[in-house]
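One structure is given here, and the rest of the page talks about it.
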Amino acid sequence: MAFTAPPYVPGHQLLAGKSVLITAAAGAGIGFAAARRAVEEGARAVVISDVHEGRLGQAAETLQSLEGDAAIHAQLADVTDEAAVRQLVMNAEQNTGGIDILINNAGLGGSRYLVDMTDEEWHRVIDITLNGTMRMTRAMLRVMQPRGSGVIVNNASVLGWRAQKEQCHYAAAKAGVMALTRCAAMEAAEFGVRINAVSPSIAMHDFLRKTTPPELLEQLSAKEAFGRAAEVWEVANVMVFLASDYASYMTGEVVSVSSQHS
């Protein structure tokens, strides 16, 4: 039996007065949903980045049209480029007076049997999904730790736990994000910085529909307890919780946003 998605949850000022930086926030995926939630939850500034200039501009315009007082900033950035990462963090710091929350959403998937996978395909998924999260976390910690505060929320995946054919590269990258989250959290804790991750199963959005066979989407959705995929804003809600002061004692955790693990 498939349940319909619940009504959209209104904001409750969970991020009031906070500044937020989100990677891969253009388009219709989890990143943009998190940016919208940040505005609705009272953030004072939201910085979005992406590699797609057109979609990034459209995302910024949409966020500016929302009710809320957040200053919206947009910057092109490629998380595989260390210089671009440093520039993004530096500009975000200058434009907002200091970033309180980083949401690492950038990642790349794909389906390929390991025996058919090229080195280039493997390295690209690892570089964007795992190395990109590392680069952003490293750059952000270099400014958060001296301030003695800050929150980082990473986007992992249940594939970091769960076995699925044709996902060796993506699953390895997301398992790495989980391990990175736990270890970096231990290092950052002594500076008052928290690092956690969400682990979604399947969250439905337009890009996923375009890149995934419908029968696979139906199969994966049917495995969920509610018989449906998550809405992207349902994942973003958990990100917001982890970023908020309600999660002040949580660090090094990977929170499953899913209804099943196997």
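The values are calculated or read from the model by the stated rules, or taken from the named source; none is laboratory data. Everything numeric here is computed off the predicted structure, so don't read it as measured data. All Cβ positions, even for glycine, are placed from backbone atoms using ideal geometry, and neighbour counts span all protein chains on display.
Here are the numbers for the structure shown:
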| read-out | value |
| --- | --- |
| Segments classed as strands (runs of 3 or more DSSP E), wholly inside the range 64-165, with at least 1 members that are polar (S, T, N, Q) and under 20 Å from E253 (Cα atoms) | 101-104, 150-155 |
| Subset of the range 27-56 that is basic (K, R) and assigned to a helix (DSSP H, G or I) - its residue that is surrounded by the most Cβ atoms within 10 Å (Cβ to Cβ) | R37 |
| Which listed residue is touching a Phe, Trp or Tyr at 6+ places or on another chain (Cβ under 7 Å) and of a type in the set (G, A, S), from A38, A70, A59, A24 | A59 |
| Failed item, numbered, when A59 is tested on (1) surrounded by fewer than 22 Cβ atoms within 10 Å (Cβ to Cβ); (2) part of a helix (DSSP H, G or I); (3) free of Cβ contacts under 8 Å to residues at least 40 places away in the same chain | (1) |
| Enumeration of residues in the range 228-249 that are touching a strand residue (DSSP E or B) at 6+ places or on another chain (Cβ under 7 Å) and either assigned to a loop (DSSP other than H, G, I, E, B) or among the aromatic types (F, W, Y) (or both) | A229 |
| Matching entry among D116, D78, D69 (being among the acidic types (D, E) and within 29 Å of G42 (Cβ to Cβ)) | D69 |
| Residue in the range 154-168 that is surrounded by fewer than 15 Cβ atoms within 10 Å (Cβ to Cβ) and in contact with a helix residue (DSSP H, G or I) (Cβ under 9 Å, 6 or more places away or on another chain) present | yes |
| Count of residues meeting criterion [more than 14 Å from the chain's Cα centre (by Cα) and among the basic types (K, R)] in the range 13-60 | 3 |
| Hey, L130 of a type outside the set (K, R) and in contact with a Gly (Cβ under 6 Å, 6 or more places away or on another chain) or not | yes |
| Out of M186, M136, M144, sole residue that is within 14 Å of A106 (Cα to Cα) and either surrounded by 14 or more Cβ atoms within 10 Å (Cβ to Cβ) or out of contact with any strand residue (DSSP E or B) (no Cβ under 6 Å at 6 or more places or on another chain) (or both) | M136 |
| The range 227-262 - residue that is of a type in the set (A, V, I, L, M, F, W, C) and modelled with pLDDT under 90 and, of those, nearest to V20 (Cα to Cα) | A230 |
| Among (1) crowded, with 23+ Cβ neighbours inside 10 Å; (2) at negative phi, the one test that A24 misses | (2) |
| First in the range 1-28 and over 19 Å from D100 (Cβ atoms), second anywhere and buried (at least 22 other Cβ atoms within 10 Å of the Cβ) and not aliphatic (A, V, I, L, M), Cβ under 6 Å, 6 or more apart | A24/G31; A24/D50; A24/N105; A26/D50 |
| Selected residue (criterion: surrounded by the fewest Cβ atoms within 10 Å (Cβ to Cβ)) from residues of the range 189-223 that are among the basic types (K, R) and at pLDDT 75 or above | K223 |
| K165, sole failed condition from (1) modelled with pLDDT of 95 or more; (2) over 20 Å from the mean Cα position of the chain (by Cα) | (1) |
| In the range 76-98, residue surrounded by the most Cβ atoms within 10 Å (Cβ to Cβ) [restricted to those that are closer than 25 Å to Q13 by Cα and not β-branched (V, I, T)] | A92 |
